[in-house]
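Contents: one structure, followed by commentary.
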Amino acid sequence: MKNILVGINSKYVHTNLAIRYLKKYVEQNSNEKIKIYESSINNNIQKIIRDIIEEKPENIFFSVYIWNVEMVFKIVKEIRKVLTKEKIYLGGPEVSYNPTEILEKNKEIDGILVGEGENILLNLLTKNIEEVKGIYYRNNNKIIFNGYEPLIENLDIIPFPYEDSELEDVHKIVYYESSRGCPFNCSYCMSSIDKTVRYFSLDRTKKDLKKFIDIGTRLVKFVDRTFNLDKKRYLEIWKFLLENYRENITFHFEINANIFDDEVLTFLKKVPRKLFQFEIGVQTINEDTMRIINRKNDLEKLFHNVTAINKNIHLHLDLIAGLPYENYETFKKSFDYVYNTKCEMIQLGFLKMLEGTEMKANGHKYNYKYLDFPPYEVISNDFISYAELCKLKDVEEVLDFYYNSQKFLKSLAFVIKNFFESPFNFFESIGEFYKNKGYLEIAHKELAIFNNFVEYYKEMKFPKIEEFLEYLKFDYLFLGKPGYYPEWIKEEKDKELYKNIIEKMEFKSSREAHKSTELEKFSINMETDKKEEVYIFFEYTKDGTKYRIIK
């Protein structure tokens, strides 16, 4: 019997961890063989349909998430026109909370798997369907459900999900889990539904992580909902990663920064830069909002902990717009709080009303309006209007351009410090500029975003434009050896000084030296912000840009 597991990812670089676990588990515990078919929502839907049909499967299993649910239903309807007798099953969070309704509306679907999938799929392929728990299916025009399949207590029985060749692909993000479940009760999150937390053993986890390290996987993202729950456990894992440190590998963790103590902070300060990347869900600093969404942040401690480690840990901090009791003005305060931590990335998200969550069930209390199709984002509520959420959408876009890109560190700091009461006010202002100019409707190359910043500065009639252009010039040159100088850069070189500097360096040739370096005159010392004439020498290496001031 030919079985195929289909994963349609949101981007090419992503990998579907769930279908890999299912394949490995079933093949380890039966004689069944399963083929994985992976694609992305950006690929041609007709090609995906043809690819699946040409595999001539007897059982097709789709992994369904918020980003692919609409595409999956389209694919299923078309496949059924050709494969009339084959079985089509769906599983995943997007179909787990209203399976009866989905089956009633979509006659081409034979069944929906709900819950932890490994044993459900194994049983479905090796037993009569009447014996299988965890699946809704049709029988004589009735929808039958035999009850839920118990969770797997010993996670170590689940095989390692990846082939070595997959881990060698430098263009892919590899997802990994060392635990399942979440003890917290955030009202907007589907993870809060499963409050039991189960762990893979430390020995198993270390063995898996050593594979990533030995092969040289570039980015490993832990999908544990809160990685740092058990201090003894997570510190041992982090110490193992540090002891087995290898350059150019990054491990990403979702963590709760409130619960770090001095011992943890001291350890994290020793970690080499780029080895760890943390995603921290702040979401809001509004007390009323935190109370209603069942989330409590110790704001003083969180700020202290984040700023203590932001020198060597790459930090992503999350905010959610559209939460109860969070209006436009209070959201500004949440934004400024996060901005002032100096994290590398601010992930500004918008509340999604997800089936099965407390937020979806109670949304009527706050007059929530939201999209009836994925991603089910909030449109308005009693606290924030549609127009205000649209303005925050504009802020989100320019935030990616000028902050999350980390390409405007000097010029951005100069503008906010000199002309705005708060960081949010700057992004609100430049967001309005982009909207009014129509720039939000088009894609931008890197140079265009620099040019737009100059245009914005001039249109706002800010003073000190010569100083601004010096900071912007530094940011532009810091990115890499410029192949082109925009008209707003005042180019000033000292060829003799440049020659003397590179002659003392170990370059194979003059051509290589000029390709890998740059020298420019500035009227501001970028290390002290003092007005003085200096030269800055830039060296572009594989590890990034280095620079030094030459007076």
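Some notes on this structure:
- Given charges at Cβ of Lys, Arg, Asp, Glu: the chain dipole, positive-most of Val264, Phe278, Thr205: Thr205
- Cα shape, segment 1-140, gyration tensor, a/c 1.5 rule: rounded
- For the pair Arg291 and Asn500, a Förster radius of 41 Å applied to the C-beta separation gives a FRET efficiency near 0.05, rounded to the nearest 0.05.
- Each residue of the chain gets 183 Å³ once the volume of the Cα convex hull is shared out per residue.
- Listed cross-link partners Lys56/Lys172; Lys23/Lys87; Lys33/Lys81 are compared with a 23 Å cut-off, the Cα-Cα value being larger for Lys56/Lys172; Lys33/Lys81.
- Listed pairs Lys407/Lys504; Lys342/Lys490; Lys464/Lys493 exceeding 27 Å between Cα atoms: Lys407/Lys504; Lys342/Lys490
- Cα shape, segment 309-353, gyration tensor, a/c 1.5 rule: oblate
- MRE, 222 nm, helices only [DSSP H, n ≥ 4, -39500 (n - 2.57), over the chain, to nearest 500]: -11500 deg cm²/dmol
- When Arg273, Arg50 are arranged by Cβ crowding within 10 Å, least crowded first, meaning fewest neighbours, the order is Arg273, Arg50.
- Length released on extending from Lys11 to Ser509, taking residue separation times 0.36 nm less the Cα-Cα span: 175.2 nm
- Label-point separation, Ser422 to Arg198 (7 Å along Cα→Cβ), nm: 4.5
- Which listed pairs, of Lys47/Lys369; Lys35/Lys85; Lys332/Lys417; Lys461/Lys551, have C-alpha distances above 24 Å, in listed order: Lys47/Lys369; Lys461/Lys551
- The label-point distance for Ile144 and Tyr97, in a model that sets each label 7 Å from Cα toward Cβ, rounds to 2.8 nm.
- Three-way shape label, segment 492-550, alpha-carbon gyration tensor, a/c 1.5: oblate
- Taking every C-alpha pair closer than 8 Å and separated by at least 6 residues, the mean separation divided by the residue count of segment 207-284 gives a relative contact order of 35 percent.
- Length-normalised contact order of the chain in % [C-alpha pairs under 8 Å, at least 6 apart]: 8
- Approximate spin-label separation Glu108-Glu168, in nm, with each point projected 7 Å along Cα-to-Cβ: 3.9
- DSSP beta bridges in the chain [antiparallel fraction, %, rounded to 5]: 40
- Kirkwood hydrodynamic radius (C-alpha pairs) into Stokes-Einstein, segment 80-203, 20 °C and 1.002 mPa s, D in µm²/s: 127
- Counting every other Cβ atom within 10 Å of each residue's Cβ, His252, His444, His364 order from fewest to most as His364, His444, His252.
- Seen against the Cα atoms of the chain and their longest principal axis, helix 328-339 is set at about 70 degrees.
- When only the Cβ of Lys, Arg, Asp and Glu is charged (+1, +1, -1, -1), the dipole of segment 3-145 relative to its Cα centre reaches about 280 debye.
- Crossing angle, helix 45-54 versus the chain [Cα axis fit, 0-90 degrees, rounded to tens]: 40
- Cysteines in the chain lacking a second Cys C-beta under 4.7 Å: Cys182, Cys343, Cys390
- Options Pro99, Gly356, Gly431, ranked by Cα towards positive dipole end of the chain, top entry (Cβ charges): Pro99
Bear in mind these aren't lab numbers, they're just calculated from the coordinates by the rules spelled out. This one's a predicted model, so the numbers in the text were calculated from it and none came from an experiment. Every residue, glycine among them, receives a Cβ derived from its backbone with ideal geometry; neighbour counts consider all protein chains shown.
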